[in-house]
Amino acid sequence: MLQSQAFIKTKREAPKDEVSVNAQLLLRGGFIDKLTSGVYSFLPLGFRVLAKIERIITQEMDAVGGQKILMPALQPKSLWEETDRWVSMDVLYKVKDRQEKEFALGPTHEEVITDIVRKHPLSYRDMPFALYQIQTKFRDELRAKSGILRGREFLMKDLYSFHADEADRQRYYETVKKAYLEIFKRCGLKAIVTEASGGAFSKEISHEFQVATDAGEDIIVSCASCGFAQNRELTEAKTGDACPKCGKPLTEQKAIEVGNIFTLGTRFSQAMKAFFTDKDGTEKLLVMGCYGMGLSRVLGTVVEANHDDRGIIWPKEIAPFDAHLIVLESKDAKESKRVFTEAKKAYDALGKVTIGKEKRLLEVLYDDRKGVSPGQKFADADLVGCTWRIVVSAKTLAQGKVEIKKRSDTTAKLVAFKSVVKEMH
């Protein structure tokens, strides 16, 4: 992509009303735009990252047997009354149509998915199955002050599984738990599986996936030795106490919740009369599980966990581009023309390179802007945070080389152009 033609508008200063690092850097880097508190637009750069996170999630959910669907955001009041959550769930955005019928803007989809499933005759032979979607959610958050970590409108993946018995649900629960850890690993995050309460979704113990960072809104108590962890709201344990599993000392730390999984059991199937026919011909309640993950929240957490004082350092698999190619103008017009010509050749050549197991094309952002100082180009490159920076200038061409630097490294080096792709691997 040519940067001179791209809608990438960077800013030197962060908006004064944004206190979170993720919002500051994403706004400055031209990844997002703030419409109002807790509501953001994803601009071209941000949408590229979001799409890559969605792709990873889709791959991993498909791998555990998930079938992708899309459910409505507009949900009738009657469904929520069946489960007694119309009044009890305080984050609902409630709206009326011109006929005075009431609806909720979906904060979650347990009611809708159960309604879909109960309309179809099911037998034990259909079990188990899992349906998921990636869709916009709406929640009336009172604390929408953490950028895209806690939004009023946000993108979420929600998976729902259906089983004939609790043992099968538990088996699948553990399968999804492993898939979640793989998703976060691919997104460059180290997630801690943390015990928590089920809240408005389940009376059973649930599991959160927490990423340790000072920007976190949660406090978790964990054991570095055996991996045991609990949300501070669930436990009386504190720093220095003995781990209940291995006896080693526990520590407290701030963390961001990036995903959660719940045991729904028969709560929703019982309230909404969702049955299947068992082997003996009797009707039994469907046993359910729920597995949520906020895509925009994952993106914001990645920024909180991967940045320096110059900007974002994107993990390789979700970076907006693999490489940021920068051409530096020369004071001599003839020399400058030659530099741009060679840089364009490099851009065209890199764009034909295939990488990875999937043999996809290398993605390159080419900063071909004229009249922009080297300092500004380098500052923008650090802010945007692509994995690699490649510089073509009169100085590098004089040596028959280009300058290459990994965003996470502190020093650059000169290499022959033919060696660039090898260096990037």
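For Rg/Rh (Cα atoms, Kirkwood Rh), pick the label among [x] 0.99; [y] 1.17; [z] 1.04 that corresponds to the value derived from the coordinates.
[z]
Expressed in nm to one decimal, what extension gain is obtained for the pair residue 204 and residue 266 from 0.36 nm per residue of sequence separation less their Cα-Cα distance?
21.2 nm
Compute the helix-to-body angle for 166-186: its Cα long axis versus the longest principal axis of the chain, expressed 0 to 90° and rounded to tens.
Compared with the principal axis, the helix lies near 10 degrees.
Between residue 102 and residue 17, how high is the FRET efficiency from 1/(1 + (r/R0)^6) when r is the Cβ-Cβ distance and R₀ = 30 Å? Nearest 0.05.
0.35
Might you report the magnitude of the Cβ-based charge dipole of the chain about its Cα centre, with Lys and Arg at +1 and Asp and Glu at -1, to the nearest 20 debye? Walk me through the intermediate numbers first.
Numbers: 68 positive and 60 negative charges, 410 e Å.
Once rounded to the nearest 20, the dipole reads 1980 debye.
Using Cβ counts within 10 Å as a stand-in for footprinting exposure, how do 120, 109, 307, 207 rank, fewest first?
120, 307, 207, 109
What length, rounded to one decimal in nm, is gained on full extension from residue 278 through to residue 357, with 0.36 nm per residue of separation minus their alpha-carbon distance? Each step should come with its number before you reach the end.
Details: separation 79, 0.36 × 79 = 28.44 nm, distance 4.34 nm.
Stretched fully, the residue 278-residue 357 segment lengthens by 24.1 nm.
What FRET efficiency comes out for residue 140 versus residue 7 if R0 is 35 angstrom and r is the Cβ-Cβ distance? Round to the nearest 0.05. If you can, show how the numbers build up before the last one.
Details: r = 31 Å, r/R0 = 0.89.
With R0 = 35 Å, the Cβ-Cβ based efficiency is 0.65.
Quick check on packing: order 210-217, 37-44 by the mean number of other C-beta atoms within 10 Å, highest mean leading.
210-217, 37-44
Sorted by average packing, counted as other Cβ atoms within 10 angstrom per residue and highest first, what order do 165-171, 218-224, 366-372, 319-325 take?
Result, highest mean Cβ count within 10 Å first: 319-325, 218-224, 366-372, 165-171.
If you take the charge dipole of the chain about its Cα centre, with +1 on Lys and Arg Cβ and -1 on Asp and Glu Cβ, which of 249, 343, 154 is farthest toward its positive end?
Positive-end residue among those listed: 343.
Kindly identify segment 1-144 as rounded, prolate or oblate by the Cα gyration tensor criterion: order the square roots of the eigenvalues as a ≥ b ≥ c, call it rounded if a/c is under 1.5, otherwise compare a/b with b/c, prolate if a/b is larger, else oblate. Please report the intermediate quantities before stating the final value.
Working: a/c = 2.83, a/b = 1.51, b/c = 1.87.
Here segment 1-144 falls in the oblate category.
Quote the FRET efficiency, to the nearest 0.05, computed for residue 171 versus residue 409 with a Förster distance R0 of 60 Å and r equal to the Cβ-Cβ distance.
Efficiency, rounded to the nearest 0.05: 0.85.
Using only the Cα atoms, work out Rg/Rh for segment 114-186, with Rh taken as the Kirkwood radius, to two decimals. Write down the numbers at each step before the final one.
On the way: Rg = 16.2 Å, Rh = 15.0 Å.
We get a ratio of 1.08 for segment 114-186.
By how many nm would the segment from residue 82 to residue 239 grow when fully extended, if each residue of separation counts as 0.36 nm and the alpha-carbon distance is taken off?
Full-extension gain reported as 52.2 nm.
How many angstrom lie between the C-alpha centres of segment 1-68 and segment 71-146?
26 Å
When the expected Rg is taken as 2.2 N^0.38 Å, what fraction or multiple of it is the alpha-carbon Rg of segment 321-423?
Segment 321-423 yields a ratio of 1.02.
Since every read-out is calculated from the coordinates, none of them should be taken as a lab result. Keep in mind the model is a prediction, meaning the values are calculated, not measured. Don't worry about glycine lacking a Cβ; one is built from the backbone with ideal geometry, like all the others, and counts go over all protein chains shown.
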